[in-house]
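All remarks here apply to the structure that follows.
The values are calculated or read from the model by the stated rules, or taken from the named source; none is laboratory data. Model, not experiment: these values are computed from the prediction. Every residue, glycine as well, gets a Cβ built from its backbone with ideal geometry; the counts of neighbours run over all protein chains shown.
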Amino acid sequence: MDTETLIARAQAAHARCIDNNTLEDWPEFFTEKCLYKITTLENFTLGLPAGLMHAFSRAMLIDRITALRQANIYEKQLYRHIVGLPAVLGTEAGGLVRSETSFLVVRVLREGQTDIFATGRYMDLWELSGERPLLAERVVVCDSSRIDTQLALPL
Amino acid sequence: MDTETLIARAQAAHARCIDNNTLEDWPEFFTEKCLYKITTLENFTLGLPAGLMHAFSRAMLIDRITALRQANIYEKQLYRHIVGLPAVLGTEAGGLVRSETSFLVVRVLREGQTDIFATGRYMDLWELSGERPLLAERVVVCDSSRIDTQLALPL
Amino acid sequence: MDTETLIARAQAAHARCIDNNTLEDWPEFFTEKCLYKITTLENFTLGLPAGLMHAFSRAMLIDRITALRQANIYEKQLYRHIVGLPAVLGTEAGGLVRSETSFLVVRVLREGQTDIFATGRYMDLWELSGERPLLAERVVVCDSSRIDTQLALPL
């Protein structure tokens, strides 16, 4: 299977994990030592710190999920990711592959309202040598600067 | 061609059939004896009956299209499906393949208003042995519980 | 690589070019003599002229980008394309390949508002014999008749 296809399927599986609310599996999409951050295009362009979410390891991602479960956020709302095809940008040291992928996330409140929650791109670094693709790095760059401050959710 | 690709292209063809308003071809995506239902995540999770739409054969789907044409619903609105990549979940008795695919449907009214009509996932069972992929089962699970009651349209 | 995959990746690269605001590269997705137009489904169905945008060569597309840069439109808003899988419809004279692809474009204003800007389908004619796929023709058929009159932007 070629690299684009491999990454496209990993993206679909990742989105499915969040949308189906099986968040306990989410950290397993990442390498043990990893970088995960959510930022805005404005901060990203200006080189400012991420602000919205920042994690340096799979253990921190697990903590995040535990916190989310305690806050019961998923009781009240659902997410639906629609993800574009990845652009493979090149291979880096250690055989890691860099890709960029557009996303659109819709939020559905239990009371019924549906709206566009976020759009942007995933700037990823993939480890593809193992049994399944793992994210060594994911920087989620949101198009809008006005992101819901409640955004402690994986994107 | 591998199974994921085969299903992904069948999904795109299915969406195109609805969006291009060639609904008379829509029942041909299904096996003769089939299950088609539209339900909400809430009903699906609680094991409650579908409510929104229920058909047990291609003949019933043909009836549905005839009814839709008489109601002239497509004169007033258009749909645009955006479909994710399918997750292939496994193979069942008789070689049928189970998959799950995210979707987003936008509704465009002739007067101009555009909004998100529905999001959710297709839970499908495919017969892949024939000339083209056919749906032996499609359960459309909508994320929102507040679905337009006018929803007699294929999703 | 098969034709569908080739076109799907070209579509993703095209969308990325616009969304990442590297518009100067946009005309390079087209053949030197090409047809590019944006129209509505209503005009398209009735055989009426496009109205929204019309270009007959790569040079005209370059002019368009120059005009856009002078108008500074991209300072105030961003676009995010989500593109479906292409349906390959057939091969025409000279080996050109016809395809049809659904799209959804979200507009994100700098002040924060996000909405669906346009949905529709790309009706394309591809030259696939070169180093990378080129558009000999792109007719963008928008679902809604109420398109922002400011629409001088590539879709």
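Restricting segment C:45-56 to residues that are surrounded by 15 or more Cβ atoms within 10 Å (Cβ to Cβ) and modelled with pLDDT under 90, which is nearest to C:R9 (Cα to Cα)?
It comes out as C:M53.
Going by the structure shown, is B:A59 in contact (Cβ under 8 Å) with a residue 40 or more places away in the chain, away from every other protein chain (no Cβ under 14 Å) and either surrounded by fewer than 20 Cβ atoms within 10 Å (Cβ to Cβ) or among the acidic types (D, E) (or both)?
Numbers: in contact (Cβ under 8 Å) with a residue 40 or more places away in the chain: no; away from every other protein chain (no Cβ under 14 Å): yes; either surrounded by fewer than 20 Cβ atoms within 10 Å (Cβ to Cβ) or among the acidic types (D, E) (or both): yes.
In short, no.
Scanning for something loosely packed, with under 14 Cβ neighbours inside 10 Å, of a type in the set (K, R) and within 14 Å of another protein chain (Cβ to nearest Cβ), does segment B:66-78 turn up at least one residue?
Yes, segment B:66-78 contains at least one residue that is loosely packed, with under 14 Cβ neighbours inside 10 Å, of a type in the set (K, R) and within 14 Å of another protein chain (Cβ to nearest Cβ).
Please count how many residues of segment A:15-44 are of a type in the set (S, T, Y), surrounded by 19 or more Cβ atoms within 10 Å (Cβ to Cβ) and under 19 Å from A:T66 (Cα atoms).
Result for segment A:15-44: 1.
When you scan segment A:138-155, how many residues do you find that are touching a Ser or Thr at 6+ places or on another chain (Cβ under 9 Å) and either within 17 Å of A:V83 (Cα to Cα) or not basic (K, R) (or both)?
Total meeting the criteria: 8.
Output the number of the condition that A:S102 fails; it satisfies all remaining conditions of (1) free of Cβ contacts under 8 Å to residues at least 60 places away in the same chain; (2) surrounded by fewer than 21 Cβ atoms within 10 Å (Cβ to Cβ).
Among (1) free of Cβ contacts under 8 Å to residues at least 60 places away in the same chain; (2) surrounded by fewer than 21 Cβ atoms within 10 Å (Cβ to Cβ), the lone unmet condition for A:S102 is (2).
Pairs needed: first member in segment C:19-32, more than 14 Å from C:A59 (Cβ to Cβ) and without any contact (Cβ under 8 Å) to a residue 60 or more places away in the chain; second member anywhere, among the acidic types (D, E) and surrounded by 12 or more Cβ atoms within 10 Å (Cβ to Cβ); C-beta distance under 9 Å; at least 6 residues apart or different chains.
Note: pairs meeting the criteria are C:N20/A:E100.
Which of the residues spanning segment A:79-98 are more than 10 Å from chain B (Cβ to nearest Cβ) and crowded, with 21+ Cβ neighbours inside 10 Å?
A:P86, A:V97
Among all residue pairs at least 6 apart or on different chains, which show Cβ distances below 8 Å where the first residue, located in segment B:111-130, is in contact (Cβ under 8 Å) with a residue 24 or more places away in the chain and the second is aromatic (F, W, Y) and surrounded by 15 or more Cβ atoms within 10 Å (Cβ to Cβ)?
Close Cβ pairs satisfying both conditions: B:F117/B:Y79; B:A118/B:F103; B:T119/B:F103; B:G120/B:F103; B:Y122/B:F103.
Here are some residues: B:A50, B:A8. Which one is within 14 Å of chain C (Cβ to nearest Cβ), more than 13 Å from the chain's Cα centre (by Cα), among the small types (G, A, S) and farther than 24 Å from B:Q113 by Cα?
B:A8
If we keep just the residues of segment C:102-147 that are assigned to a strand (DSSP E or B) and among the acidic types (D, E), which is nearest to the other protein chains (Cβ to nearest Cβ)?
Among those residues, the one meeting the criterion is C:D115.
Go through (1) outside any strand (DSSP E or B); (2) polar (S, T, N, Q); (3) modelled with pLDDT of 95 or more for C:S99 and report which single condition fails.
Every listed condition holds for C:S99 apart from (1).
Residue check: is C:T114 surrounded by 18 or more Cβ atoms within 10 Å (Cβ to Cβ) and over 17 Å from the mean Cα position of the chain (by Cα)?
Taking the combined requirement at face value, the residue satisfies it.
Which residues, taken from segment B:60-105, are of a type in the set (F, W, Y) and farther than 15 Å from B:Y36 by Cβ? Please lay out each step first, then the result.
In the first step, residues of segment B:60-105 are kept if they are of a type in the set (F, W, Y); the result is B:74, B:79, B:103.
The answer is B:Y74, B:Y79.
Go through (1) touching a residue at least 12 places away in the same chain (Cβ under 8 Å); (2) out of contact with any Asp or Glu (no Cβ under 7 Å at 6 or more places or on another chain) and name the single condition A:P49 misses.
Exception for A:P49: condition (1).
With respect to the numbered conditions (1) within 22 Å of B:S102 (Cα to Cα); (2) within 18 Å of the chain's Cα centre (by Cα), which one is the sole condition not fulfilled by A:L125?
So the condition that A:L125 fails would be (1).
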